[in-house]
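The numbers here are math on the coordinates, done by the rules we state, and not lab data. Bear in mind the structure is a predicted one, so any value in this text is a computation, not a measurement. When we count neighbours, we look across all protein chains shown, and the Cβ atoms used for this are built from the backbone with ideal geometry, even at glycine.
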Amino acid sequence: MIVKSLLAEFEHEAESTRKLLSAIPDSALDYKPAEKNWTTGQLASHIAEVYNWYQPTLHQDVFDMAAYKYDKGDISHASNIVAKFEENVKLARQALETATDESMFANWKMVAGSDEPIFPVMPRMQVVRSFLFNHLYHHRGELVVYLRASDNAVPGLYGPTADDKF
């Protein structure tokens, strides 16, 4: 029941992520609100990459970020980012579909080249909600702000936006 519920939210939210990433014009990829921030392309690439974390999060008890190979792909065109998202979301769906309710209660930790956890060790269920789902929603919110600040249309994710006709 737990995995089934997570999968339903995953499917719904993946569609929202798809809509948002598909709304990015190539002209906005280099925009960033401040020097310390990522560009729109880098942020969108990170959003697409979060889906690549499902397999190690759902099927390993330890995720070593030092050994992880981040592949942002070619972010010079928004369509490339969407293609990377589609590739990663397919693998994420498979990882979630093969998870078990029992595995959601197992402790999980993230490390970076040692046995010392980066974050507190916690049940996998909590990791899925925070590290995978909520983390992604946070960055989507940032991307909405980037699009709005660069005078681009924002698709409705949970209802209409100022760009929708009433």
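Based on the Kirkwood approach, the hydrodynamic radius assigned to the chain is 16.8 Å, with every pair of different Cα atoms included. Between Val154 and Asp163, the built amide H atoms are under 5 Å apart, and every one of these is 5 or more places off in sequence or on another chain. Annotation: amide H of Met122 within the under-5 Å range of Trp108, sequence separation 5 or more or interchain, hydrogens built in the peptide plane. About its Cα centre, the dipole of region 2-149 is roughly 300 debye, where the only charges are +1 on Lys and Arg Cβ and -1 on Asp and Glu Cβ. Relative to the dominant Cα principal axis of the chain, helix 2-22 is inclined by about 30°. Quick one: Debye curve from the alpha-carbon atoms of region 9-67 only, equal weights, vacuum; give me log10 I(q)/I(0) at q = 0.18, 0.26, 0.29 Å⁻¹ to two decimals. Rounded to two decimals, the profile gives -0.79, -1.05, -1.14.
In this structure, the amide hydrogen of Tyr31, modeled 1.01 Å from its nitrogen in the peptide plane, lies closer than 5 angstrom to those of Thr40, Gly41, counting only residues at least 5 positions away or on a different chain. In sequence order, region 68-77 has phi-based couplings of 6, 9, 6, 10, 6, x, 8, 9, 7, 9 Hz under the Karplus curve 6.51 cos²θ - 1.76 cosθ + 1.60, θ = phi - 60°, and Gly or Pro positions carry x.
What is region 93-151 by shape, rounded, prolate or oblate, if you read a ≥ b ≥ c off the alpha carbon gyration tensor as root eigenvalues and call it rounded for a/c under 1.5, prolate for a/b larger than b/c, and oblate otherwise? It comes out oblate by the Cα gyration axes. Rounded to the nearest 10 degrees, what's the angle between the helix 40-50 long axis and the longest principal axis of the chain, both from Cα atoms, 0 to 90? Taking the Cα atoms of the chain, the angle to 40-50 is about 30 degrees. Hey, what angle do you get for helix 135-149 against the long axis of the chain, alpha-carbon based, 0 to 90 degrees rounded to 10? For helix 135-149, the angle is close to 10 degrees.
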